Amino acid sequence: MSPLETAILQRLTQLPKTARMWGSPEELECVALHFTHVLWCSRSPEWTFEQTFERWRSLGGPFADDPDEHANMRSKMWGEEETRSRTQVVEGFLVVWTGLKRNPEREAAFGPWIERLLDFPERAGSPDRLNMVLFALMGFVAADPQQYVAALSLERHRIGGHELRALPVVAPPGPTEAALTYTRNFQSWTRVTEGIATVLKSLSLNSSR
């Protein structure tokens, strides 16, 4: 197994341990899905995202549920302005990506997919999922994680009024309920974390063959 594969599998292993920092079950699952996609692409260069999703489905996904709770969260984030929210996420991360000092090996594997998501952001789904996927993938590629976090904080402050504000939020600048997802009543955290464990087991078995 290559050092890159080992690092990706380690990151996937860590995700369930920090589940609630990823905002919502759908965001957590989406992060895992996109890390897995890059891993499969590294093993098979012709691999497509459609194949990734089909493989994910064969392992029991999508695992996240709570449709009403997710919808309520998103209504507070952007309401009827989903396009504006997605554009805000893309523009924010494009600024960060342009100035990011990158780990060369990780950039070679992750860079093309990150740039494809910036060009075709709908591939990641809703703006909150896009935001979390780009946050995770760029953070993995960053040569200096602290510098990356600082750059992202500056961009959040520029767009939203303070560094902790999520980029998808298009409400007026300043603290809002929309940025506080940790108190929401999501019920499918365990289902997602167990699902990621199932995917991880499959990836590990395949890598040992």
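The values are calculated or read from the model by the stated rules, or taken from the named source; none is laboratory data. Just so it is clear, the model here is predicted, and its values are computed rather than measured. Neighbour counts run over all protein chains shown; Cβ positions are idealised from the backbone, glycine included.
Specify which of the listed residues (GLY92, GLY23, GLY111) is modelled with pLDDT under 95, of a type outside the set (Phe, Trp, Tyr), within 26 Å of GLN147 (Cβ to Cβ) and buried (at least 16 other Cβ atoms within 10 Å of the Cβ).
Result: GLY23 is the single residue among GLY92, GLY23, GLY111 that is modelled with pLDDT under 95, of a type outside the set (Phe, Trp, Tyr), within 26 Å of GLN147 (Cβ to Cβ) and buried (at least 16 other Cβ atoms within 10 Å of the Cβ).
Which count do you get for residues in segment 166-209 that are over 27 Å from THR87 (Cβ atoms), assigned to a helix (DSSP H, G or I) and either of a type in the set (A, V, I, L, M) or modelled with pLDDT of 85 or more (or both)?
Residues in segment 166-209 being over 27 Å from THR87 (Cβ atoms), assigned to a helix (DSSP H, G or I) and either of a type in the set (A, V, I, L, M) or modelled with pLDDT of 85 or more (or both): 16 in total.
Please enumerate the residues belonging to segment 1-59 that are among the acidic types (Asp, Glu) and more than 14 Å from LYS201 (Cα to Cα).
Passing the criteria: GLU26, GLU27, GLU29, GLU46, GLU50, GLU54.
In segment 114-140, which residue that is surrounded by fewer than 22 Cβ atoms within 10 Å (Cβ to Cβ) and among the basic types (Lys, Arg) is farthest from GLY23 (Cα to Cα)?
Here the residue is ARG116.
Just give me the residues in segment 25-74 being of a type in the set (A, V, I, L, M) and part of a loop (DSSP other than H, G, I, E, B), in sequence order.
Correct list: LEU59, ALA64.
Considering only segment 147-164, I want to know if a residue exists there that is of a type in the set (Gly, Ala, Ser), closer than 26 Å to ASP68 by Cα and at pLDDT 95 or above.
No: segment 147-164 contains no residue that is of a type in the set (Gly, Ala, Ser), closer than 26 Å to ASP68 by Cα and at pLDDT 95 or above.
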